1. Which one of these is modelled with pLDDT under 90, under 18 Å from Tyr109 (Cα atoms) and of a type in the set (Val, Ile, Thr): Ile77, Ile85, Ile30?
2. May I ask you to list the residues in segment 33-74 that are more than 13 Å from Thr111 (Cβ to Cβ) and basic (Lys, Arg)?
3. Scan segment 101-118 for residues that are in a helix (DSSP H, G or I) and either acidic (Asp, Glu) or over 16 Å from Thr50 (Cβ atoms) (or both) and jot them down.
4. With the requirement that a residue be part of a loop (DSSP other than H, G, I, E, B) and within 13 Å of Ala113 (Cβ to Cβ), what does segment 70-84 give you?
5. Starting from residues that are in a helix (DSSP H, G or I) and of a type in the set (Ser, Thr, Tyr), keep the ones in segment 30-69 and report whichever is surrounded by the fewest Cβ atoms within 10 Å (Cβ to Cβ).
6. Going through segment 49-61 one residue at a time, which ones are on the phi < 0 side of the Ramachandran plot and in contact (Cβ under 8 Å) with a residue 60 or more places away in the chain?
7. Here's a check for you: in segment 92-109, which residue that is surrounded by fewer than 13 Cβ atoms within 10 Å (Cβ to Cβ) and not charged (D, E, K, R) is farthest from Phe38 (Cα to Cα)?
Amino acid sequence: MKKQISVLLLILVLCVCLFAGMAKADVIEIEEYWEEFFYTHHEDCETVNTYYTVNTKGGETKVREDASRLSKTLLEIPNGEEVFIKFIYHVPNGSDWGFWLDDRVMGEYHTEALWILMSDLYDPENPPEDLVIYEQKGSTVTDESSTAESSDEEESSQITEPGSGNGITLAIVISAVVLVMLISVLVLVLIKDH
């Protein structure tokens, strides 16, 4: 009987460890979305890691939740503001969309993605020859975001395959297999004693 209680306590401890690991694995980091998106659509994406300047006839550009004109508009950025574009997604038979990487804005709007139509932006280092600069209209993005974006640029300059990071998924699978084996042993012990 003491042996059965010891095995049962061991299984309970392992269950607690397993569920604690699963809870930790459910936390989604902001970088994971863009890494997975880039990996999934790598043939249609181009890494740029460049600051672009908003420049539209309407005076501001819409920041969307998805790379689509039909997706939800999160905010609007006035002409003259700079945004850090991590990569450009060339939508097959569609427009080019830039993934704006800004942890502060993502946190504020509770989103993992900020997409901007690339036709609304230009690279100040390499402007197109036919560029018409439209006058600046108001300001909704602060200089703090530029500072945060520059530190994000340095930290997240490498693209990695999803799941190749810290191995949490592998640890959960191994824990689940060990747990199933221990429960099977406990059941066999209980059946044998009866």
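1. Answer to the check: Ile30.
2. Across segment 33-74, the qualifying residues are Lys57, Lys62, Arg69.
3. Correct list: Asp103, Arg104, Val105, Met106, Gly107, Glu108.
4. Within segment 70-84, Ser71, Lys72 qualify.
5. Only one residue tops the list, namely Thr40.
6. Thr50, Tyr51, Tyr52, Thr53, Val54, Asn55, Thr56, Lys57, Glu60, Thr61
7. Result: Gly107.
The values are calculated or read from the model by the stated rules, or taken from the named source; none is laboratory data. Model, not experiment: these values are computed from the prediction. Quick reminder, even Gly has a Cβ in these numbers, built from the backbone with ideal geometry, and neighbours come from all protein chains shown.
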